[in-house]
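Have a look at the structure below before the remarks.
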Amino acid sequence: MFDMETENKPQIQYMEVKKATGYVLPIGNGAVGKSTLPAVLDDQFSQPVKIGKSVNMEFSYVVDRLIVREQAFQVTQQYLVPPGQKENEGISGGRSFEQIIKMYQFMFKQIDVILLSYKLVELDSFNDLEFWINRALEISSPSTQYILVGTHLDMDASREVSHEMITNGSKFIKDCILNKYPEWQGKVPSLEISITDKQNTALLRNAVSVGILRSRKILI
Ligand SMILES: Nc1nc2c(ncn2[C@@H]2O[C@H](COP(=O)(O)OP(=O)(O)OP(=O)(O)O)[C@@H](O)[C@H]2O)c(=O)[nH]1
Ligand SMILES: [Mg+2]
């Protein structure tokens, strides 16, 4: 007899979803968008956005789902967001980046992804990445992954950081990493995003997930 049930069953292939969690640390000068980033990367939940200069560590998370090499993953990105204020700049009230890193040192056993963040419209914030990569290497581990994140892409008309500078910056950062961890393998991808109109934020969310999967040796 004709069996409706079996004949019409849709051909759905269920994929096993692998789960992973990793720690993500955005660092860079003040006002480059570090605190706003997690809320903007999160397209499923609306997280409160902290307004104003950070004076303490902020915590939030983003859940990403992606397919890499025909394998489905759900990656929880735990964000630890420190202040951008450097010790030598002084700070009235609250704490500097260095003070916060000292306070939360116990959490830095494994930072999976460091987002070296700067403003495309502020050359100083890009040049200061030399300072930030050195701070990053003090708290990283041999498996930590790094992504260059240029914000304010919506203000491209006033851009001060050229593509050539970014390519050279990415090479410079890779050399700094190799200097500390000669066995380190990988690339330092660079992404340009806008936090106001969410340009390229989905790409960055996926790049962070891939960084976590690499750092955790789930993807080689
Ligand atoms: N137009 C534009 N504004 C942005 C962008 N990214 C961040 N901003 C704004 O820049 C301001 C500073 O952003 P924050 O996220 O507080 O910067 P921060 O890096 O955490 O700064 P500190 O806490 O001082 O270290 C906020 O008003 C953001 O809305 C962007 O891509 N485009
Ligand atoms: Mg902040």
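Bear in mind these aren't lab numbers, they're just calculated from the coordinates by the rules spelled out. As the structure is a computational prediction, the values presented were derived from the model and not from experiment. Cβ: placed from backbone, ideal geometry, glycine included. Neighbour counts: every protein chain shown.
Can you spot the aspartates and glutamates whose alpha carbon is less than 12 Å from residue 109's alpha carbon? Ignore those fewer than 8 places along the same chain.
138
What are the radius of gyration and Dmax of the chain, computed over its Cα atoms and given in Å?
Values for the chain (Cα only, Rg and Dmax): 19.4, 82 Å.
Based on the mean of other Cβ atoms within 10 Å per residue, sort peptides 15-26, 109-120, 79-90 so the most packed one is first.
Put in order of decreasing packing, that is 109-120, 79-90, 15-26.
Using each residue's phi in the stretch 46-62, evaluate 6.51 cos²θ - 1.76 cosθ + 1.60 at θ = phi - 60° and report the 3J(HN,Hα) Karplus result to the nearest Hz, with x for Gly and Pro.
Couplings: 9, 9, x, 9, 6, 9, x, 4, 7, 10, 7, 6, 10, 10, 7, 9, 9 Hz.
Show that you can apply the helix-only estimate: for the chain, add -39,500 (n - 2.57) for every DSSP H stretch of four or more residues, divide by all residues, and state [θ] at 222 nm to the nearest 500.
Counting only the DSSP helices, I get -8500 deg cm²/dmol.
Treating only the Cβ atoms of Lys and Arg (+1) and Asp and Glu (-1) as charged, compute the dipole magnitude of the chain about its Cα centre; round to the nearest 20 debye.
So the magnitude is around 640 debye.
On a straight-distance basis, which lysines could pair with residue 19 in a cross-link, Cα separation under 18 angstrom, same-chain partners fewer than 8 positions away excluded?
Reachable lysines: 217.
Report, ordered by chain and residue number, the lysines lying within cross-link reach of residue 86, taken as a straight Cα distance under 18 Å and ignoring same-chain residues fewer than 8 apart.
34, 53, 102, 119
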